[in-house]
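The values are calculated or read from the model by the stated rules, or taken from the named source; none is laboratory data. Given the structure is predicted, the values throughout are model-derived calculations rather than measurements. Methodologically, a virtual Cβ is constructed for each residue, glycine included, from the backbone with ideal geometry; neighbour enumeration extends over all protein chains shown. Just the protein is used for accessible areas: all its heavy atoms, side chains included, with ligands, DNA and RNA removed. Shrake-Rupley method; radii C 1.70, N 1.55, O 1.52, S 1.80 Å.
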Amino acid sequence: MATERPDEEKPETRVQDLIHGGGGGGASPVQSPTRLGPTRFSEVAGDQIRNTGSNFIGSVLSLINGDPNRSLKNPVKRAKRKRIRTAKTAACVIGLVAFFIFVNWFMLSQLHEGRAWLRRGFSKKPKLDPKPNPKVIPDPNPSVKRVSVKVSASVQHGEKKKMGKPKKKYNGTYGRLLAYASHALAEGQNKLEPKELWREPKDQALAWKPCADQRSWKPSDGKNGYIMVTANGGINQQRVAVCNIVVVARMLNATLVVPKFMFSDVWTDASQFGDIYQVEHFIKYLSPDIRIVKKLPKELQSLDLEAIGSLVTDMDVVKEAKPGFYMKHILPLLLKNRVVHFFGFGNRLAFDPIPFELQRLRCRCNFHALNFVPKIQEMAAVLVRRLRDSGSHLAPVDPYLVGPKYASFILDKKAGPLHKASKYLAVHLRFEIDMVAHSLCYFGGGDAEKTELDAYREKHFPTLANLTKTKKMPSPDDLRIEGLCPLSPEEAVLMLAGLGFNRKTRVFVAGANIYGGNKRLAALTSLYPNLVTKENVLSETELQPFRNFSSQLAVLDFIACAASDAFAMTDSGSQLSSLVSGYRIYYGAGKMPTIRPNKRRFSDILLKNNTIEWKVFEQRVRKTVRQTKHVLVRPTGRSVYRYPRCKECMCNED
């Protein structure tokens, strides 16, 4: 569960302090928060209070009754005056007590109304429209809102304010914060953005250089047999599977057949390896490492691999299996039947422990051997050129993404040396229906959303659907608090606005078929009108060759994100975000920043969306993201595709 950080003041604590005069939990409403001299519990202080009170009351009585020691000659008159003095004294005491009770009641009632009148006089506070209307301009005095929202609302409804975290409320709109964001962007559109938005924050990043292309072993002859692979998932999962099978082939001294891709009813793309990657380059570049052929020898093509036990599914191989598993279970099968077919192969090879050269081979395959086909490179160059609005420079990653031939096309040869390319921010909004359904989270769509996602899980994720029926799963609120939910478009745009991206920033959104459609993107487009997608930048004619191939369209997104001046991910578990961020580290020369939100901490901030002030929101978001920008060596067991800063992939010149 998310906990409050030591340097963060709880909103409920501020309310209680306000009610109790700013002192400790048991302070009287009229006490000062700072006590000078002895406390009221010391004997000296008690004597002083008693003496002071006695002297004060004596002075008052003397003023009313006159001198009590004055002698009177007539005893009748003396007795009568004594009775009058006694009555006056009683009336005076009763009046004083009543006066003090009235003063205490008045002060306490004013404190319970938030003492807002002390801060703003007697002017009436304007109401903030809770609807996500970008035209609404919130009250510029956030301190007034804090008191009004936290105290007055509870008093009006007769509710007792409870200590602890505010009630969780995720309505999928965040209207109040979006109104604040709209106001802040409108006021600050001519202000300079924070410098760290467009650059790596640490100079240490410059010390890491690519070196996975270096080899220190002899080529493998592949004499132990042939390995076939049919990779599953989308384009990014398939890329990881290809790099893993290359390492397995070298480990088993086997010959690799050019990989094939499994058709999925989720991505509905029939593209094969040769439709996306350059086959000849793949074979030639890895020839010093493993032997690769385009198809099996004729004598093996007619074998029934399932019948002879050579068909190995992803159910047969544990997730992130260690090298010992392959040596023990797969090598004997390969030597016996001369061929093994991994069907549905994916994330089935551990990152640690693994020999140094095998780990380097995995990096070499990902960053050097997998070049996109010319058709994709050419269209991606057009996309990047338009996103940058032309220019006179290339990003460090450009030649590796689109090749030297098309990288030069990105440049505007007519542009003079003073013409600067426009910066653009790329955001991978991983909010397609498959991710939303698989997350088991809730995004404010009511019963219609629940029904739709349940039906999708039944069809595409039956195992998960059955699990939700037979086992108690974490609630959507618990999942969100733990940072296990992808950011919605509303949450993503609040993050960008909180970081300080200007309203004029060109924002490229990667991802297709956002769940909720254009209505869900309204928050993004209203705050950042220069938002575009590949469908906006490229014409219908230019996109036509890729229309029925979701994997090829995803490659265009991949290249646009990797080449961007700044890249923001909304789900750190996404394969595309992981591969893009790793590519930017490997080829970015320490100049291509990536924004990785800590979703657990960000969720804790959004829990206070009904009360938090915008300046506080900005400070906390920036602090949270800043803490994720450390330049670290790859942690043990983590992906080399996402964290290539390790001795196997990159060399540190420090």
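Determine the shape class of the stretch 321-474: with a ≥ b ≥ c the square roots of the Cα gyration tensor eigenvalues, call it rounded for a/c under 1.5, and otherwise prolate if a/b is greater than b/c, oblate otherwise.
On the way: a/c = 2.95, a/b = 1.28, b/c = 2.32.
Oblate shape, in that a/c is at least 1.5 and b/c is the bigger or equal ratio.
Can you give me the accessible area per residue for the stretch 255-344, using a 1.4 Å probe, in Å²?
On the way: 4940 Å² over 90 residues.
Ligands and nucleic acids excluded, the result is 55 Å² per residue.
Treating only the Cβ of Lys, Arg, Asp and Glu as charged (+1, +1, -1, -1), what charge dipole size does the stretch 359-399 show about its Cα centre? Round to the nearest 20 debye. Show your work: numbers first, answer last.
On the way: 7 positive and 3 negative charges, 44 e Å.
Computed about the Cα centre, the dipole is about 220 debye.
Quick one: of 471/608; 472/599; 191/504; 608/629; 202/623; 260/534, which pairs are farther than 21 Å apart, Cα to Cα? Kindly include the intermediate steps, with their values, before the conclusion.
Details: 471/608 31 Å; 472/599 23 Å; 191/504 11 Å; 608/629 25 Å; 202/623 15 Å; 260/534 27 Å.
Those over the limit are 471/608; 472/599; 608/629; 260/534.
Full extension from residue 627 to residue 335: what is 0.36 nm times the residue separation minus their Cα-Cα distance, to one decimal in nm? Can you show the working numbers first?
Working: separation 292, 0.36 × 292 = 105.12 nm, distance 5.02 nm.
Length gained between residue 627 and residue 335: 100.1 nm.
Can you tell me the FRET efficiency between residue 206 and residue 466 if r is taken as the Cβ-Cβ distance and R0 is 56 Å, rounded to the nearest 0.05? Write out the running numbers ahead of the final one.
Details: r = 51 Å, r/R0 = 0.90.
Using R0 = 56 Å, I get an efficiency of 0.65.
With unit charges on the beta carbon (Lys/Arg positive, Asp/Glu negative), name the residue among 268, 345, 290 whose Cα is farthest towards the positive pole of the charge dipole of the stretch 210-350.
Final value for the positive-end residue is 290.
With +1 on each Lys and Arg Cβ and -1 on each Asp and Glu Cβ, how big is the dipole of the stretch 542-654 about its Cα centre, in debye rounded to the nearest 20? Could the numbers behind the result be given before it?
Working: 19 positive and 10 negative charges, 108 e Å.
Once rounded to the nearest 20, the dipole reads 520 debye.
Accessible area per residue, 1.4 Å probe, Å², for the stretch 529-654: what's the number?
Numbers: 4590 Å² over 126 residues.
Accessible surface, normalised per residue, equals 36 Å².
Would you please classify the overall shape of the stretch 524-588 from the alpha carbon gyration tensor, given that a ≥ b ≥ c denote the square roots of the eigenvalues, rounded means a/c under 1.5, and beyond that prolate means a/b larger than b/c while oblate covers the rest? Could the numbers behind the result be given before it?
On the way: a/c = 1.91, a/b = 1.25, b/c = 1.53.
It comes out oblate by the Cα gyration axes.
How far, in nm, would the chain grow between residue 307 and residue 92 when pulled straight, counting 0.36 nm per residue and subtracting the alpha carbon separation?
Numbers: separation 215, 0.36 × 215 = 77.40 nm, distance 10.85 nm.
Full-extension gain reported as 66.5 nm.
Using r as the Cβ-Cβ distance of residue 328 and residue 478, and R0 as 41 Å, what FRET efficiency do you calculate, to the nearest 0.05?
Values: r = 40 Å, r/R0 = 0.97.
After rounding, the FRET efficiency stands at 0.55.
Tell me, what % of the accessible area of the stretch 233-380 is carbon and sulfur with a 1.4 angstrom probe? Numbers along the way, then the final one.
On the way: 3440 of 6120 Å².
Of all accessible area on the stretch 233-380, carbon and sulfur atoms account for 56 percent.
Measure off 7 Å from each Cα along the Cα-to-Cβ vector at residue 452 and residue 544, then give the distance between these two points in nanometres to one decimal.
Between residue 452 and residue 544, the simple spin-label model gives 3.1 nm.
How large, in Å, is the stretch 444-486 by the Kirkwood hydrodynamic radius built from its alpha-carbon pairs? Intermediate results must be reported in sequence, preceding the final value.
On the way: mean 1/r = 0.0877 Å⁻¹.
Answer for the stretch 444-486: a Kirkwood hydrodynamic radius of 11.4 Å.
What GluC sites (Glu not before Pro) does the stretch 207-311 have in DSSP loop regions with at most 13 other beta carbons within 10 Å?
Details: sites: 280, 299, 306; in loops: 306.
Those that pass, being in a loop and sparsely packed, are 306.
When the chain is fully extended, how far beyond the present Cα-Cα distance does residue 198 get from residue 459, taking 0.36 nm per residue of separation? Write out the running numbers ahead of the final one.
On the way: separation 261, 0.36 × 261 = 93.96 nm, distance 4.24 nm.
Between residue 198 and residue 459, full extension yields an extra 89.7 nm.
Give the residue from 636, 621, 646 lying farthest towards the positive end of the charge dipole for the stretch 574-654; charges sit on Cβ (+1 for Lys and Arg, -1 for Asp and Glu) and the dipole is referred to the Cα centre.
Of 636, 621, 646, it is 621.
Please check which bits of the stretch 352-390 a label hung off residue 253 would reach, taking the label as a point 7 Å along Cα-to-C-beta and the cut-off as backbone N under 18 Å.
Only 355, 357-358 pass the distance filter.
Considering only 489, 436, 505, whose Cα is most displaced toward the positive end of the charge dipole of the stretch 393-525, charges sitting on Cβ of Lys, Arg (+1) and Asp, Glu (-1)?
505
Based on Cβ point charges of +1 for Lys and Arg and -1 for Asp and Glu, what charge dipole magnitude is obtained for the stretch 213-339 about its Cα centre, in debye rounded to the nearest 20? List each step's numbers first, then the result.
Values: 16 positive and 13 negative charges, 122 e Å.
It comes to approximately 580 debye.
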